Amino acid sequence: MITGCAPSAFEGPSRLAISELESAAYCGDVARGVRWLDDTTLFISMGEQPTAGYGIRLAADEVVQDDGVWLLRVHWREPGADEPVAQVLTRPCLKVLFAERVREPVRVMDAAGKKAILQTDD
């Protein structure tokens, strides 16, 4: 009989619930990047874009921890080369609420979880 409190080798990755607080096409004068607004609110900015058609939305309702980094999947939309768009400056952004404070870095990934887009500095 095996006893003790060691984690099982069959446990899956750590997961944490998140929710979208706001997704907007214009977020003021902010540079492209990702930063914490407070202990549980993450701000993601696409930076200034030359046209409409850009946007960012959550792709999942949870983050998954992988090798000490939380992976956050988003739909990162950029207009196609032949897509008609309005000629207007935009600054798309997304505010994400975490169910609890995390101390590890957060990496913003594409919706498929294959390509890293941005990461927090911590």
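Here, each number is a calculation from the coordinates, and none is a lab measurement. Computed from a prediction, not measured in an experiment: that's the story for all the values here. As a convention, Cβ positions derive from the backbone with ideal geometry for all residues, glycine included, and neighbour counts pool all protein chains shown.
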Whose amide H sits under 5 Å from the amide H of Gly113, counting only residues 5 or more places off or on another chain, with H placed in the peptide plane?
none
Dipole of region 77-122, Cα-centred, from +1 at each Lys and Arg C-beta and -1 at each Asp and Glu C-beta, to the nearest 20 debye?
160 debye
Between Met109, Cys93, Ile18, whose Cα lies farthest towards the positive end of the dipole of region 15-119 when Lys and Arg beta carbons carry +1 and Asp and Glu beta carbons carry -1, centred on the Cα centre?
Met109
Radius of gyration and maximum dimension Dmax of the chain, Cα, Å
17.0, 69
Cα pair distances in region 35-75, grouped into 10 Å bins until the bin that holds the longest one, percent each:
22, 48, 25, 5
Reduced to Cα centres, the span from region 78-122 to region 60-77 in Å works out to 10 Å
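Magnitude of the Cβ-charge dipole of region 15-119, K/R +1 and D/E -1, about the Cα centre, nearest 20 debye? The partial results should precede the final answer.
Numbers: 13 positive and 16 negative charges, 26 e Å.
Magnitude of the dipole: close to 120 debye.
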DSSP-loop trypsin sites (Lys or Arg not before Pro) across region 25-122, with at most 10 other Cβ within 10 angstrom:
Arg101, Arg103, Lys114, Lys115
